Amino acid sequence: MTEVSRATDAQRTDWDQFVDSSEHAESYHPYEWRKVFERVFAHNCIYLIARDTTGNVNGILPLVQLKSRLFGNFLVSIPCFNYCGTLTSNDNVRQALISEAWRVAESVGASHVELRHRAGVTLDLPFRDDKVSMQLALPDSSDELWREFTSKLRAQIRRPSKDGAVADEGGIELLDEFYAVFSRNMRDLGTPVYPKDLFREMCESFPETTRIFIVRIDGKSCAAGITYGFRDRLEIPSASALREYNRSSVNMLLYWTVLKFAIREGYKLFDFGRSTVNAGTYKFKKQWGALPDQLHWHYCLRPGESMPSLNPQNSKYQLATKIWQRLPLCVANLVGPRIVRNLP
């Protein structure tokens with residue numbers, strides 16, 4: 001038998017010990033991420049923990065409630081990032097966690113539960129499979145990786161240096177520079193921006209595994225990215241480059257700098273992030289040698305309901321995107337975090 005309950009801070013040690021012992025744990029399963037979402041967004045975080053008859057933890061499921069008039073009321077595991085669903089090696093425990101997740105959804109009036117899994121988790125639930133995570137297996141040295149690149153890619157990486165671009169790496173001291181580039185690029189794309197506090201919390205909560213990278217030309221920040229490491233995997237949740245520097249290919253120097261860092265630090269896999277197959281970002285990541293890893297986002301839905309489509313590609317948001325692109329940056333940075341806090 002399995003007993004599922006809501007984890008409290010008093011059970012944090014049990015939760016993290018289970019994460020540490022599981023080979024299938026994802027980057028965002030550690031309990032500290034609950035505190036990040038609570039501090040930054042004031043979200044209602046419902047962390048489910050399963051125990052066997054002896055009291056040992058045998059499964060977990062982190063859930064975050066997003067609730068607004070604009071986008072509705074639902075649960076997701078977890079927002080902002082690509083994968084962090086049920087964690088257990090037992091199908092019966094997984095089903096018990098999901099059943100409890102639906103009971104929680106009904107108790108808080110949520111319309112659905114979104115479970116962000118990667119391939120390998122098979123459930124009798126509707127799911128989206130239109131997204132993949134682009135991942136690159138890393139060799140032992142950056143010289144070896146360089147030799148694997150095409151001559152065209154190597155030329156693109158060299159191109160920014162001809163315009164005087166230089167790359168820098170650091171921690172929270174580079175946060176303002178990163179956010180200046182990131183927030184402006186999000187505005188130009190017509191997408192509400194995450195609050196700076198999210199990235200501040202990443203740097204403060206995970207100082208040993210979070211790094212910020214900046215590319216500058218003539219002292220001006222023109223490309224930036226933030227990385228987060230977990231076990232042998234390094235991912236780049238957010239990266240941006242200013243449009244006026246596209247001709248200089250500063251984003252190529254940014255990613256090459258990050259890849260060299262990943263190899264130097266001993267990571268074995270680099271995660272370029274989520275893409276739609278054959279979209280522009282997919283092709284950009286593929287040229288580095290990255291291969292697609294299928295994402296399976298499963299949904300618990302009310303009878304007769306269809307899967308939600310809360311994403312910028314949804315046609316009903318196209319007008320809002322065009323309007324957002326015209327906003328002054330200061331307005332977009334003020335209003336954006338209030339909107340995006342309720343987006344998954």
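Here, each number is a calculation from the coordinates, and none is a lab measurement. On a predicted model such as this, the values are computed, not experimentally measured, just so you know. As a convention, Cβ positions derive from the backbone with ideal geometry for all residues, glycine included, and neighbour counts pool all protein chains shown.
Give the peptides 27-38, 242-253 in descending order of average Cβ contacts within 10 Å, highest first.
So the peptides 27-38, 242-253, ranked by packing, come out 27-38, 242-253.
So, in the chain, how many Lys pairs have Cα atoms under 22 Å apart, if the pair is 8 or more places apart or on different chains?
For the chain, the number of qualifying lysine pairs is 23.
Quick one: helix 250-264 against the long Cα principal axis of the chain, what's the angle to the nearest 10°, folded into 0 to 90?
60 degrees
In units of 2.2 N^0.38 Å, what is the alpha-carbon radius of gyration of the chain?
Numbers: Rg = 20.5 Å, N = 344, 2.2 N^0.38 = 20.2 Å.
So the chain has a normalised radius of gyration of 1.01.
Expected output is a single nm value to one decimal: the length gained when fully extending between ALA42 and ASP176, i.e. 0.36 nm times separation in residues minus the C-alpha distance. What is it?
Residue separation times 0.36 nm, minus the Cα-Cα distance, leaves 46.0 nm.
Place a +1 charge on the Cβ of each Lys and Arg in segment 1-117 and a -1 charge on the Cβ of each Asp and Glu, then give the dipole magnitude about the Cα centre in debye, rounded to the nearest 20.
It works out to roughly 500 debye.
Label points 7 Å out from Cα along the Cβ direction at THR150 and ARG247: separation in nm?
If labels sit at THR150 and ARG247, their model points lie 2.4 nm apart.
Suppose each label sits 7 Å from its Cα in the direction of the beta carbon; what would the ARG200-SER142 distance come out to in nanometres?
With each label point 7 Å from Cα toward Cβ, the separation is 3.1 nm.
On a 0 to 90 degree scale, rounded to 10, what angle separates helix 32-41 from the longest Cα axis of the chain?
Taking the Cα atoms of the chain, the angle to 32-41 is about 80 degrees.
Fully extended, how many nm does the chain gain between GLU23 and ASP129 (0.36 nm per residue separation, minus their Cα-Cα distance)?
Contour length minus the Cα-Cα distance gives 35.8 nm.
On alpha-carbon atoms, Rg over Rh for segment 1-117 using Kirkwood Rh? Numbers along the way, then the final one.
Working: Rg = 13.4 Å, Rh = 14.2 Å.
Using Cα coordinates only, the ratio equals 0.94.
Can you give the FRET efficiency for SER111 and ASP9, using 1/(1 + (r/R0)^6), R0 = 45 Å, r = Cβ-Cβ distance, to the nearest 0.05?
Once rounded, the FRET efficiency stands at 0.95.
Please report, in whole Å, how far the alpha carbons of segment 133-295 spread along each principal axis, starting with the longest.
36, 36, 29
State the extension gain, in nm to one decimal, for the chain segment bounded by LYS268 and THR54, taking 0.36 nm per residue of separation less the distance between their alpha-carbons.
73.4 nm
Quick one, can you get me the convex hull of the C-alpha atoms of segment 138-221 expressed as volume per residue in Å³?
139 Å³
Output wanted: per-residue J couplings in Hz (rounded whole) for segment 201-215, from phi through Karplus 6.51 cos²θ - 1.76 cosθ + 1.60, θ = phi - 60°, x for Gly and Pro.
Running phi through 6.51 cos²θ - 1.76 cosθ + 1.60 with θ = phi - 60° gives 5, 4, 5, 7, 7, 10, x, 7, 10, 10, 9, 10, 10, 10, 10 Hz.
Please determine, in degrees from 0 to 90 and to the nearest 10, the orientation of helix 175-189 with respect to the longest principal axis defined by the Cα atoms of the chain, where the helix direction is its Cα long axis.
For helix 175-189, the angle is close to 90 degrees.
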